[in-house]
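I have placed the structure first, in the form of structure tokens, so that the comments after it can refer back to it.
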Amino acid sequence: MGVDVLVCGATDEEHAAVRRLFDEHDRVFSRFRPESELNRVNRDPSEVVVLSPLFASALRSALGAAAATDGLVDPTLGRAIEAAGYDRDFALLVDDERPPGAPVRGRWRTLRLSSRLLSRPPGTALDLNGVVKARAVDAALGLTAGDALVAAGGDVATRGGAVVRLPGEGSLRLLAGGVATSGTTKRRWRRDGEVQHHLIDPRTGRPAASRWDEVTVAAGSCVAADVAAKAAFLLSKDGPDWLDERGLPGRFLSGGEVVPNRAWTEALLEHEQAA
Amino acid sequence: MTQPTRIEAARHRAAGAKELAVALAVAGFIAVLLLARAAHPGHGTSSSSSGGSSSTGQSQSQSESSDDFDFGSSSVAPSTGGGAQAQTSVS
């Protein structure tokens, strides 16, 4: 998946199982492996395709995330991310004088998933990377029996507690659940002199414009934290309140300024007062 | 007006019985057809009256498509001491 994976508290067998899990996710969901299931599904001209159990499960989760965020986290942005120029492994991406392609808005509501059967309009390109990495972190934690920590590419899940260093400065103790950060301080490139990034706003089909550089969220699982962080980032000034309405602690970073939402402040204050 | 003969009366009764048998057969066939359609999981017009899950094919797809997504709740506290450490960041 192109990220470092950290596993603490696992046995050798559990480590091996976690490695196999991430390898499998890379084989199935990579946008940059021509033979991945994701690319096979996207290339398939049939209106209805049969998915593997893993792919169907991830898509079901992605559709659930889309419903929970009113479509802000959308699994149908494969064409949009390519139109922005992210069409190869990021390490190979260079600034390009060509303008970006035409925007492609999200259309998750056009997908129909029944068990492992997916029907979608012609030309739909899926990109499940909005949920796949964080889901893999949660699944990896599930492969461990005792207290453990799994982190991959900035997404963290723990059972038994861990110290999580935060963007900018500071840290918190995550006792249970997951923490994830979304933002645009990495994976940026230029098209026709204009900065592009990987967080596509499904409402415009273009890289999102947000007042935040990075958003960190803690939730009941890593994938929930990741989805919420993306949604809060895309909602820009409305992001803190959106998280508060769901009782999710969020920490927003903008130009070096740290802005916690109410739930973040209260969660940390609650523990300080209890201590 | 002449009375029907016993043979004509018997023919009349036989014709009535035949029509009844045909009507019952048709009604039975239609009943079996409707039951079979109602029981088929992919049938698009039947629905549960219990107020629970819907049995329409369309609704089944939509409900599967938009599985409940639970944000859950984490437990966070100010950072203290050591233990396992990780960094959350944009990847």
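Quick note: the coordinates plus some simple rules give every number you see, no bench work behind them. For clarity, every value in this text was computed on a predicted model and none was experimentally measured. Don't worry about glycine lacking a Cβ; one is built from the backbone with ideal geometry, like all the others, and counts go over all protein chains shown.
When the range A:130-181 is limited to residues that are within 19 Å of the chain's Cα centre (by Cα) and acidic (D, E), the one that is nearest to A:L72 (Cα to Cα) turns out to be A:D155. Of everything listed in (1) at the interface with another protein chain (Cβ under 10 Å from one of its Cβ atoms); (2) of a type in the set (A, V, I, L, M, F, W, C); (3) outside any strand (DSSP E or B), the single unmet condition for A:A176 is (3). For the range A:160-172, a residue qualifies if it is under 23 Å from A:T11 (Cα atoms), free of Cβ contacts under 8 Å to residues at least 24 places away in the same chain and not aliphatic (A, V, I, L, M), and exactly one does: A:G161. Reported count of residues in the range A:54-92, each being over 30 Å from B:D68 (Cβ atoms) and surrounded by fewer than 17 Cβ atoms within 10 Å (Cβ to Cβ), is 6. The single residue among A:W242, A:W212 that is out of contact with any His (no Cβ under 8 Å at 6 or more places or on another chain), more than 9 Å from every other protein chain (Cβ to nearest Cβ) and in a loop (DSSP other than H, G, I, E, B) turns out to be A:W212. Just one of (1) closer than 21 Å to A:L141 by Cα; (2) touching a helix residue (DSSP H, G or I) at 6+ places or on another chain (Cβ under 9 Å); (3) away from chain B (no Cβ under 14 Å) fails for A:E37. It is (1). Remark: pairs (first residue in the range B:70-91, in a loop (DSSP other than H, G, I, E, B); second residue hydroxyl-bearing (S, T, Y); Cβ separation under 7 Å; 6+ apart in sequence or on different chains) = B:G72/A:S221; B:S79/A:S171; B:T88/A:T181; B:T88/A:T216; B:S89/A:T181; B:V90/A:T181; B:V90/A:S182; B:V90/A:T185.
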